[in-house]
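Working notes for the structure below.
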Amino acid sequence: MLKPLILAGMLTLSVSLQAAPTVYVAPTGSDAAPGTREQPVYSLSAAYELARQSSDSTTVLIAPGTYLMTRPLTVTAENAPQAPVCFRSLTDEKPVFVGGMPIRDWKSWENGIWRTRVPQLARFDQLYVEGRHATRARTPNVGYFMVRDGGETVIERGEDRMATYATQKITVHEADLASLRGMAPGELNRVTALFYHKWDVTRKPIEHMIADSGYLFFSGEGMKSWNPIGAGTRYVLDNYLGALDAPGEWYLADDGWLYYIPREGEDMQILTCYAPLLGQLVEIYGTPEKPVTNLTFDNLSFQVTGYSMPLKGSEAMQAAAYVPAAIQADFARHITLRNCDIGQTGGYAVWWRRECFDNTIRHCHIQQLGAGGVKIGEWVTRINHRPVTARNIVDNNIIQHGDYVFPCGVGIGIFHAAHNRVTHNDIGDLRYSGISVGWKWGYNDAEYKMAFIDSTEQSRMEVASYPSPAVGNLIAFNHVHHIGWAELSDMGAVYTLGESPGTVVRNNLIHDVYSYDYGGWGLYTDEGSTGIVMENNLVYRCKSGAFHQHYGRENIIRNNILGMCYLYQLQFTRVEPHKSFDFRHNMVVMDRGILMAGAWGDARIDMDYNCYWDLRGADSLRVGSGSLAQWKKEKKRDRHSIAADPLFRNPAAGDFTFVDLKTARRIGFKPFDYTQAGVYGSEAWKKEAQLPSAVTEAFDRVVAAREAQP
């Protein structure tokens, strides 16, 4: 009897393997259908409800087409899947999930303006035309107005560093308000002012105006002392019909009329246009006791989300840290985004927020962003020794064309998070920093007790003491370029914040970083950055320097190629009693500006075996205030460093390959292949990462205009 039983068991297993659960989705489907190939469902939510009930791994196969989402796919601890679920395209073509409504039926109105009526209950702050952010009607169209003066009356102080509630009176030039004169109060209250600070922005609705005196009045949270609105603050006005005067601008009136001026070549009869209705497209919210695990999204496109300004406006915040993302998760593990497109967002694209472990974003194209691309970890500090987000991978992605709503967004931001790997990404055409790591200001008086969930997903946790939650992060082989656009200041292509032992920044290619005022740096160790290694990076054509340390301790800057920057090649700010950093085996080349800015000669910096060279000639090279020989004698550093041509092929054109290695050998420099930075894979994928020439040429024009100013 044993053999028949075995045979019956094998047959049962065979049937089980052949009947692996599959749910089908199609544009023609119905959410009341059973999800079979013949009767597919329509929405991700309906497909997930069918898939999550299976005790076996389930594949959701999605036919090509466009799917209009009326609600996000929401996965919680209560409806978590019993087994892994993979959402993927049925074919090579990506299905497109849209969190908005199509806008059609445009009619020509007047002065080149077209309009259409949308439901009056539909309110939105962004509009997407032909896959791009359109510009909400603003003035001036190019450049900025300037604030003359700013003042604040505190109504409620509160316990924070800024007042809980205050009113602001901002004085501007009377001519700036010409287009606002005669507005009814209700219309005026919908106009917003976007103020540009040093490294972030404030957006406020106008509450009152005295046009003849140039007074604007606002209220809400008090101004931040480190970034107030005052004399010299730049600003623009937007969101009113009188500002609608340039191609690509739009305006939504209270009565439901939507106005738009088409760009050259746009046919209003066939225009693809979406208004966002959803803030998120995928929400994953587990709990500490029951995290959501094992979801995969493969070869899909997620498009169109919105960000709605709060009633009192959006307050200034570095890196747009509080801004939500289209795909957002708390208490999630082993969530994978692979070969996906994510774009046309009001905020960020993806945020692995609270206690997210071992998640992966790989080979995704992330673009047309209201803020930045990817955030990892929380920006608030937990004091109950809960684990911090850790061990996430962001690899081989294109993150470009962003910061349209929040100019202070970052390409990839790591906040309170540890042991993450950010590798081989192409990050470009952003208005602020490319990669930001850490979220602690200054040195910590006491160590931070931090727990890590074991990677085997067992319940035990390792509790250890660290100076900061942001430790052990790897930033490697990324290509960060064409960022800044002279809009904000105090930025870095790779920016570190606070004590981050074990963090390594290596083999990155960085170029074309240009700030509005100070602080357009390539590598930037800020506010107590500690225990960070920066090596084998090529950094050039930055406004304020290839490397800058504000203050920190025991960092290692070695074996980098740095230079060809506008103002300085290297910058250092704060002298402290401890060792600030090692600076060894670096090659620094320049053709303008000065070599070193700041107190390099006074701080504890271990400098040696470096090569310095000025392409304008040996007599032009100044190390400190004199020659390299004088520097060595007076400052007792750089004992074995040399002033010699590094023998790069064509540094002025961005070619830093070596004609000969004899100079490199003299300082123990180890050549590295900087062409390996950026995305990898097919030639088509690499080509997709190249910015259009129109973008790079526009960037060059912005830089040339700023450089031409006295």
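The values are calculated or read from the model by the stated rules, or taken from the named source; none is laboratory data. Note that this is a predicted model, so its numbers are computed, not measured. Note that we place each Cβ from the backbone using ideal geometry, even for glycine, and neighbour counts take in every protein chain shown. Keep in mind that these areas ignore ligands, DNA and RNA; they rest on the heavy atoms of the full protein, side chains included. Shrake-Rupley method; radii C 1.70, N 1.55, O 1.52, S 1.80 Å.
For a quick check of your reading of the model, give me the residue pairs whose first member lies in segment 504-520 and is over 12 Å from H479 (Cα atoms) and part of a strand (DSSP E or B), whose second is modelled with pLDDT of 95 or more and of a type in the set (S, T, Y), with beta-carbon atoms closer than 6 Å and at least 6 apart or on different chains.
G520/Y514; G520/S544
So which residues in segment 256-270 are in a loop (DSSP other than H, G, I, E, B), under 25 Å from I342 (Cβ atoms) and within 29 Å of the chain's Cα centre (by Cα)?
R263 - this is the single residue of segment 256-270 that is in a loop (DSSP other than H, G, I, E, B), under 25 Å from I342 (Cβ atoms) and within 29 Å of the chain's Cα centre (by Cα).
Out of segment 82-110, which residues are in contact with a strand residue (DSSP E or B) (Cβ under 8 Å, 6 or more places away or on another chain), assigned to a strand (DSSP E or B) and loosely packed, with under 12 Cβ neighbours inside 10 Å? Steps first, please.
Pass one, segment 82-110, residues in contact with a strand residue (DSSP E or B) (Cβ under 8 Å, 6 or more places away or on another chain): 83-90, 94-109.
Then drop every residue that is not assigned to a strand (DSSP E or B), which leaves 85-89, 96-98, 100-102, 107-109.
Hits for segment 82-110 are K107, S108.
Which members of segment 602-661 meet the condition of being in contact with a helix residue (DSSP H, G or I) (Cβ under 8 Å, 6 or more places away or on another chain) and without any contact (Cβ under 8 Å) to a residue 24 or more places away in the chain? I'd like the intermediate steps shown before the answer.
Here is the first cut: in segment 602-661, the ones in contact with a helix residue (DSSP H, G or I) (Cβ under 8 Å, 6 or more places away or on another chain) are 611-612, 614-615, 621, 623-624, 626, 637-639, 641-647, 656, 658.
Across segment 602-661, the qualifying residues are G626, L647, F658.
Is it the case that some residue within segment 205-215 is closer than 25 Å to S489 by Cα, in a strand (DSSP E or B), open to solvent by 20 Å² or more (accessible area, probe 1.4 Å) and at pLDDT 95 or above?
no
Would segment 557-568 turn up any residue that is surrounded by fewer than 20 Cβ atoms within 10 Å (Cβ to Cβ), touching a residue at least 24 places away in the same chain (Cβ under 8 Å) and not aromatic (F, W, Y)?
Within segment 557-568, one or more residues are surrounded by fewer than 20 Cβ atoms within 10 Å (Cβ to Cβ), touching a residue at least 24 places away in the same chain (Cβ under 8 Å) and not aromatic (F, W, Y).
Name every residue in segment 139-183 that is touching a residue at least 40 places away in the same chain (Cβ under 8 Å), within 25 Å of A705 (Cβ to Cβ) and β-branched (V, I, T), in order of residue number.
Scanning segment 139-183 gives T139, V147, V172.
Of these, A47, A80, which one is under 30 Å from V292 (Cβ atoms) and in contact with a Ser or Thr (Cβ under 8 Å, 6 or more places away or on another chain)? Talk me through it step by step, then tell me what you get.
Values: A47 fails: in contact with a Ser or Thr (Cβ under 8 Å, 6 or more places away or on another chain).
One residue alone meets the criteria, A80.
Restricting to segment 655-710, and then to whatever is open to solvent by 70 Å² or more (accessible area, probe 1.4 Å) and polar (S, T, N, Q), can you tell me which residue is nearest to the chain's Cα centre (by Cα)?
Ranking the qualifying residues of segment 655-710, first place goes to Q690.
Would you be able to say whether some residue in segment 136-152 is out of contact with any strand residue (DSSP E or B) (no Cβ under 6 Å at 6 or more places or on another chain), assigned to a loop (DSSP other than H, G, I, E, B) and within 30 Å of Y24 (Cα to Cα)?
No - not one qualifying residue is present in segment 136-152.
I'd like to verify a number: residues in segment 363-386 that are in a strand (DSSP E or B) and open to solvent by 10 Å² or more (accessible area, probe 1.4 Å), how many?
First pass over segment 363-386, keeping only residues in a strand (DSSP E or B): 365-369, 374-376, 378.
Filter once more, keeping what is open to solvent by 10 Å² or more (accessible area, probe 1.4 Å): 365, 367-368, 378.
Total satisfying the criteria: 4.
Anything in segment 603-615 that is open to solvent by 20 Å² or more (accessible area, probe 1.4 Å) and either hydrophobic (A, V, I, L, M, F, W, C) or modelled with pLDDT under 95 (or both)? List them, or say none.
So the first thing to find is which residues in segment 603-615 are open to solvent by 20 Å² or more (accessible area, probe 1.4 Å), and the list is 604, 606, 609, 613, 615.
W613, L615 - these are the residues of segment 603-615 that are open to solvent by 20 Å² or more (accessible area, probe 1.4 Å) and either hydrophobic (A, V, I, L, M, F, W, C) or modelled with pLDDT under 95 (or both).
What are the pairs, 6+ residues apart or on separate chains, where a residue within segment 57-75 that is closer than 16 Å to S89 by Cβ has its Cβ under 6 Å from a residue that is at pLDDT below 95 and buried (at least 18 other Cβ atoms within 10 Å of the Cβ)?
Final answer for the pair search is none.
Confirm whether L337 is in contact with a Leu (Cβ under 9 Å, 6 or more places away or on another chain) and at pLDDT 95 or above.
yes
Looking at segment 273-307, which of its residues are in a strand (DSSP E or B) and at positive phi?
Our first condition is that a residue be in a strand (DSSP E or B); within segment 273-307, this holds for 273-276, 282-285, 292-298, 301-303.
Within segment 273-307, just N294 meets the criteria.
In the set A326, A316, which member is assigned to a strand (DSSP E or B) and of a type in the set (A, V, I, L, M)? Show your work before the answer.
Details: A316 fails: assigned to a strand (DSSP E or B).
The unique qualifying residue is A326.
Can you tell me which residue is most open to solvent (accessible area, probe 1.4 Å) among those in segment 181-199 that are farther than 26 Å from L488 by Cβ and not in a loop (DSSP other than H, G, I, E, B)?
For segment 181-199, the residue satisfying everything is P185.
From the list L311, L278, pick out the single residue that is of a type outside the set (D, E), open to solvent by 10 Å² or more (accessible area, probe 1.4 Å), over 19 Å from the mean Cα position of the chain (by Cα) and under 30 Å from V695 (Cα atoms).
On the way: L311 fails: under 30 Å from V695 (Cα atoms).
Checking each option against the conditions leaves just L278.
Pull up segment 152-180, narrow it to residues that are more than 31 Å from the chain's Cα centre (by Cα) and of a type in the set (D, E, K, R), then point me to the one that is most open to solvent (accessible area, probe 1.4 Å).
For segment 152-180, the residue satisfying everything is R157.
If you scan segment 111-122, which residues turn out to be surrounded by 14 or more Cβ atoms within 10 Å (Cβ to Cβ) and either in contact with a Lys or Arg (Cβ under 8 Å, 6 or more places away or on another chain) or in a loop (DSSP other than H, G, I, E, B) (or both)?
W114, R115, T116, V118, A122
Looking at A320, A332, which is the one that is open to solvent by less than 10 Å² (accessible area, probe 1.4 Å), on the phi > 0 side of the Ramachandran plot and modelled with pLDDT of 95 or more?
Values: A332 fails: on the phi > 0 side of the Ramachandran plot.
Result: A320 is the single residue among A320, A332 that is open to solvent by less than 10 Å² (accessible area, probe 1.4 Å), on the phi > 0 side of the Ramachandran plot and modelled with pLDDT of 95 or more.
Out of G502, G531, G545, I need the residue that is open to solvent by less than 20 Å² (accessible area, probe 1.4 Å) and of a type outside the set (D, E, K, R). Which one?
Details: G502 fails: open to solvent by less than 20 Å² (accessible area, probe 1.4 Å); G531 fails: open to solvent by less than 20 Å² (accessible area, probe 1.4 Å).
Of G502, G531, G545, the one residue that is open to solvent by less than 20 Å² (accessible area, probe 1.4 Å) and of a type outside the set (D, E, K, R) is G545.
Based on what the data block shows, is D149 surrounded by 16 or more Cβ atoms within 10 Å (Cβ to Cβ) and modelled with pLDDT of 95 or more? Let's see the steps before the verdict.
On the way: surrounded by 16 or more Cβ atoms within 10 Å (Cβ to Cβ): no; modelled with pLDDT of 95 or more: yes.
Spelling it out, it is not the case that D149 is surrounded by 16 or more Cβ atoms within 10 Å (Cβ to Cβ) and modelled with pLDDT of 95 or more.
Output the residue which, of all residues in segment 160-178 that are charged (D, E, K, R) and modelled with pLDDT of 95 or more, is nearest to E221 (Cα to Cα).
This residue is K169.
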